[in-house]
Amino acid sequence: MAHRDHTRVLKLGPLTLGGGHPILVQSMTNTDTRDVDATLRQLQALADAGCEIARLAVPDDAAAAALRSINERSPLPLVADIHFDYRLAVAALEAGLPALRINPGNIGGKKHVDILADAARAHQAIIRVGVNSGSVEKELLARFGGPTPEALVESALNHVRLLEDRGFYDIKVSLKSSSVTDCVAAYRLMAQRSDYPLHIGVTEAGTLMRGTVKSAVGLGVLLFDGIGDTLRVSLTADPVKEAGVAWEILRAAGLRSRGPEIVSCPTCGRTEIDLIGLASAVEDYVQRSPAARHAGLKLAVMGCVVNGPGEAREADLGLAGGRDRGVIFRKGEVLRSVRGQEALLAAFLEELDKLSAERDA
């Protein structure tokens, strides 16, 4: 793995970010923040999926009024997403939220930025300066010929200076575009010009498949450059899916892992079992079983009983199926032979529970 850029260190509630600390996984609720119970249910689902920071939209006074109750019962540190109304940002801080996501340039003038910076300082909160390709100022669009990476960075630095001029430095920065190449270029440039922690992501990335691909490419490049302190995978999908994809990107980059790694072979004309169904069933079970605690565990789901154990020799536990029977294996050595696909899955999960218990002992 490449080096990590060592940015400033910030505290976000109980979490530490920046300075080479582990990259933190973030998502955003899509519930109505005014619905406290629905929001708390989704926050718990996000926490169960490995999300470490959650952002909430705060569009009006009613949403702001719900924040204290949500924050007191939330399993995750919360970030209030505020646009245009500084009063909502102050209310979020007074409700105990440890961070804001704002654009200081649209919060209502210098006086309101003064009030907001003072309030954040008093509550020891972080301000995330968020810039995206749709929020770049007209003057910068004209100067740079559009929402280019250079325009995004200049916009972010202008907003950062508004806070720095008021002696506020607990700042995190994001620069997002739906263009993977523009995102990568903007974050690279920002990393050269600033040592503030960076929240990375490709915005408006798309549905589950398209968004995952775009996010994996963009975030993967940045992570291998050593850039990024928190990240979000933005998907047109259940936010819980965002957390899962984020962890797989971090695992693939060799930075962090959560739960076992699952390898499975592609289907081919030799496959004589429902390999897709078996792999999906194992993945679903792992997410809610004791095995989820074991990040170093490697599992394999293979479609060929002849070659499978050899091809997945490094797996701590695996299954391989054929037409009439399947085998369970550990480190390439067959443990047991089982007839029938349902029996094979049940036997594999039984062995997985045994292995998890061994690891826990």
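What follows is calculated from the coordinates using simple rules that are stated; it is not laboratory data. Predicted model, so just to flag it, every value in this text is computed and none were measured. Glycine gets a Cβ as well: all are built from the backbone with ideal geometry, and neighbour counts include every protein chain shown.
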Give me the net charge for the shell around Ser337: Cβ to Cβ below 12 angstrom, other residues only, Lys and Arg +1, Asp and Glu -1. +2
Where the centroid of each part is defined by its Cα atoms, how far is the range 1-45 from the range 131-160 in Å? 26 Å
In debye to the nearest 20, how big a dipole does the range 135-221 give about its Cα centre with +1 on each Lys and Arg Cβ and -1 on each Asp and Glu Cβ? 240 debye
Hey, what angle do you get for helix 208-224 against the long axis of the chain, alpha-carbon based, 0 to 90 degrees rounded to 10? 70 degrees
How big is the charge dipole of the chain about its Cα centre, in debye rounded to the nearest 20, if each Lys and Arg gets +1 on its Cβ and each Asp and Glu gets -1 on its Cβ? 460 debye
Most mobile of Ile262, Ile53, Ile249 in a GNM of the chain (Cα contacts under 10 Å): Ile262
As a percent rounded to 5, the proportion of antiparallel DSSP bridges among beta bridges in the range 292-361 is 70 percent
Quick check on the chain: helices-only [θ] at 222 nm, where DSSP H runs of length 4 and up contribute -39,500 (n - 2.57) each and the sum goes over total residues. Nearest 500, please. -13500 deg cm²/dmol
For the charge dipole of the range 1-146, defined by +1 on Lys and Arg C-beta atoms and -1 on Asp and Glu C-beta atoms about the Cα centroid, which residue among Ala92, Ala119, Leu78 has the Cα displaced farthest towards the positive pole? Ala119
Quick one: Cα centre-to-centre distance for the range 280-318 and the range 219-251, in angstrom? 23 Å
Residues whose modelled amide H sits under 5 Å from the amide H of Ala300, counting only those 5 or more places away in sequence or on another chain, are Val263, Leu317, Gly318, Leu319
Would you mind checking the tilt of helix 36-48 against the longest principal axis of the Cα atoms of the chain, expressed as 0 to 90 degrees and rounded to 10? 50 degrees
Can you tell me the orientation of helix 61-73 relative to the chain, as the angle in degrees between its alpha-carbon axis and the longest Cα principal axis, to the nearest 10? 50 degrees
Simple Cβ-charge dipole of the range 1-85, Lys/Arg +1 and Asp/Glu -1, about Cα centre, in debye nearest 20: 400 debye
